[in-house]
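Enquirer: Please find one structure pasted underneath; my questions will follow.
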Amino acid sequence: MIFIDSHNHLDDERYDNDREDVILRAKEAGVELILTIGTIEKINDADKTLRLLDCEGIYAAFGVHPQDASLYNETIEEYLKEVLSIHKVVAVGEIGLDYYYKNSDRASQIHAFKKQIQLAKKLNKFIIIHSRDAAIDTVNVLREEFKDRKDEKINGIMHCFSGSYEMAEECISLGFLISFSGIITFENAKKPIEVLKKVPMDFILSETDAPYLAPVPYRGKRNEPAYVVKIVEKISAVKNLEIKEVCERILSNWKKIIHC
Ligand SMILES: [Zn+2]
Ligand SMILES: [Zn+2]
């Protein structure tokens, strides 16, 4: 059985003392495929993440997070282009809109979001979307940018999905996979569970978003990729499918966008 963590932040300083052990524990738990997100705020921010690409099964994405959108400029874009040309860097992300934290105003968030989608299209990469308290604007941007989608093409991943089923449906029709995080293991997770029940297995991915959002029974602690097993177990319980089958379906979804 192969488990997949489609989203984490291994460049986070909370791993500076034991990053290799964290990766080793993931391997031991069967988490053989990882997509790690390198958040770009300035030049050279990619270095820590790029060093991880020597490990088998680790892939990376780079992007300017919506919270840092006001930092987006031509210099950063040139740097992004450079790192996106590196082998095993498969996606632009995480990008999107976050109206919960107000570090960057809405106009600069929408600007950086669109610019990075256009960059991804030009470089033939998929995108990883972060959307918080911004469902309507997120869907509007995606509709605008992906309205002439062809041939069931997968355009990217809605990471740590917490929206409504209607939003999930709309994102799927625009060519996005829906990735579920540890939130589905929380006791008060009624709404995300309802959404998970309805989203077809063909569009589901699993992620930790580590070091954030550790699943039960690790809630409140530092999260790590090995814990994605708990999230897959929850998907298997909600979907009433064997864990093995859930792993296989998630792997086949992963292969729709990452060709390894
Ligand atoms: Zn995020
Ligand atoms: Zn993230």
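Enquirer: Among (1) in contact with a helix residue (DSSP H, G or I) (Cβ under 7 Å, 6 or more places away or on another chain); (2) within 18 Å of residue 227 (Cβ to Cβ); (3) not hydroxyl-bearing (Ser, Thr, Tyr), which single condition is residue 7 missing?
Expert: Residue 7 satisfies every listed condition except (1).
Enquirer: Could I ask something else about it? Would you confirm whether any residue within segment 188-200 is farther than 17 Å from residue 8 by Cβ, within 16 Å of ligand 2 (Cβ to nearest atom), out of contact with any strand residue (DSSP E or B) (no Cβ under 6 Å at 6 or more places or on another chain) and assigned to a loop (DSSP other than H, G, I, E, B)?
Expert: no
Enquirer: Another question, then. With the requirement that a residue be within 18 Å of residue 131 (Cα to Cα) and touching a Leu at 6+ places or on another chain (Cβ under 8 Å), what does segment 51-84 give you?
Expert: Listed by number, the residues that qualify are 61, 62, 63, 64, 66.
Enquirer: Report yes if residue 128 is assigned to a helix (DSSP H, G or I) and either modelled with pLDDT of 95 or more or at positive phi (or both), otherwise no.
Expert: no
Enquirer: So the check is Cβ under 6 Å with 6+ separation or different chains; which pairs have a first residue in segment 88-106 that's farther than 16 Å from residue 157 by Cβ and a second one that's away from ligand 1 (no atom under 14 Å from the Cβ)?
Expert: So the pair list comes out as 88/53; 88/59; 104/70.
Enquirer: Which of (1) in contact with a Ser or Thr (Cβ under 8 Å, 6 or more places away or on another chain); (2) charged (D, E, K, R); (3) closer than 14 Å to residue 200 by Cα does residue 224 not meet, given it meets every other one?
Expert: Status for residue 224: all satisfied but (3).
Enquirer: With respect to residue 32, determine if the residue is of a type outside the set (S, T, N, Q), exposed (fewer than 13 other Cβ atoms within 10 Å of the Cβ) and either in contact with a Phe, Trp or Tyr (Cβ under 6 Å, 6 or more places away or on another chain) or closer than 18 Å to residue 226 by Cβ (or both).
Expert: Criteria not met by residue 32.
Enquirer: Can you tell me which residue within segment 156-176, out of those that are within 19 Å of residue 209 (Cα to Cα) and aromatic (Phe, Trp, Tyr), is farthest from ligand 2 (Cβ to nearest atom)?
Expert: 176
Enquirer: Name the single residue that is surrounded by the fewest Cβ atoms within 10 Å (Cβ to Cβ) among those in segment 121-136 being within 16 Å of ligand 1 (Cβ to nearest atom) and under 13 Å from residue 99 (Cβ atoms).
Expert: Only one residue tops the list, namely 133.
Enquirer: What residue, among those in segment 157-185 that are in a strand (DSSP E or B) and among the aromatic types (Phe, Trp, Tyr), is surrounded by the most Cβ atoms within 10 Å (Cβ to Cβ)?
Expert: It comes out as 180.
Enquirer: May I pose another question? Suppose we filter segment 1-13 for residues that are more than 16 Å from ligand 1 (Cβ to nearest atom) and under 23 Å from residue 46 (Cβ atoms); how many remain?
Expert: Counting residues in segment 1-13 that are more than 16 Å from ligand 1 (Cβ to nearest atom) and under 23 Å from residue 46 (Cβ atoms) gives 2.
Enquirer: Give me the pairs, please: first residue somewhere in segment 50-62 and over 10 Å from residue 89 (Cα atoms), second residue anywhere and of a type in the set (Ser, Thr, Tyr), beta-carbon distance under 9 Å, and either six or more positions apart or on two chains.
Expert: 52/36
Enquirer: A further question on this structure: Taking the condition of being in contact (Cβ under 8 Å) with a residue 60 or more places away in the chain, charged (D, E, K, R) and away from ligand 2 (no atom under 16 Å from the Cβ), how many residues in segment 7-48 meet it?
Expert: The qualifying residues number 2.
Enquirer: Going by the conditions given, is residue 99 closer than 27 Å to residue 140 by Cα, within 16 Å of ligand 1 (Cβ to nearest atom), modelled with pLDDT of 95 or more and not polar (S, T, N, Q)?
Expert: So residue 99 fits the description; yes.
Enquirer: Of the residues in segment 212-229, how many are of a type outside the set (Val, Ile, Thr), under 16 Å from residue 184 (Cβ atoms) and not in a helix (DSSP H, G or I)?
Expert: Residues flagged as of a type outside the set (Val, Ile, Thr), under 16 Å from residue 184 (Cβ atoms) and not in a helix (DSSP H, G or I) within segment 212-229 amount to 8.
Enquirer: Sticking with this one: In segment 156-215, how many are away from ligand 1 (no atom under 16 Å from the Cβ) and small (Gly, Ala, Ser)?
Expert: Number of matching residues: 5.
The values are calculated or read from the model by the stated rules, or taken from the named source; none is laboratory data. All figures in this text were calculated on a predicted structure; none of them were measured in a lab. Neighbour counts are summed over all protein chains in view; Cβ atoms, including those assigned to glycine, are modelled from backbone coordinates with ideal geometry.
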